[in-house]
Amino acid sequence: MSGKRQFFEDILHLYGVRAGDALAVLLNNERFIMGIQKMLQASLEFRDFMQKAIQTALTQLNLPTRDDFARLEQGQQDLEDRLFAIEAQIERLQSLLAAANESPKRAKTSKKRVKTAGSGASKTAADRSSLGTEV
């Protein structure tokens, strides 16, 4: 069993060495590099051509393209941002309104109604101080 394993390891090692040598020779060959560059350039041009053709076909079929979805997503994000800003303003205004409603209630509860001895009419603490009578 160990002998078979060693045999396969030797084959793999030899394959790695030979493949590495062949790759080094190819990468040092200027014609090979020029051919690879031409092939890559042609594939990029073909990809651009296909994208334009697909976009034209989708437009003619009145179907949304990837760019259409990206624009819709951006518009939705802008609307969400505006809604969050409006919501924050409403919350701020509600808290200010609640605070403004609280302050008159406090002022009303601090003014206690008391009866004066002579007239039977109800007077507030502020009224008594203006009259000079204290309880």
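No value in this document is a laboratory result; all are computed from the given coordinates. Since this is a predicted model, take the numbers as computed values, not measurements. Glycine gets a Cβ as well: all are built from the backbone with ideal geometry, and neighbour counts include every protein chain shown.
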Distance in nm between label sites at GLN74 and LYS38, each 7 Å beyond Cα in the beta-carbon direction? 4.0 nm
Among THR65, GLY35, ILE54, flag the residue with its Cα farthest along the positive direction of the charge dipole of the range 18-73, charges on Cβ as +1 for Lys/Arg and -1 for Asp/Glu. GLY35
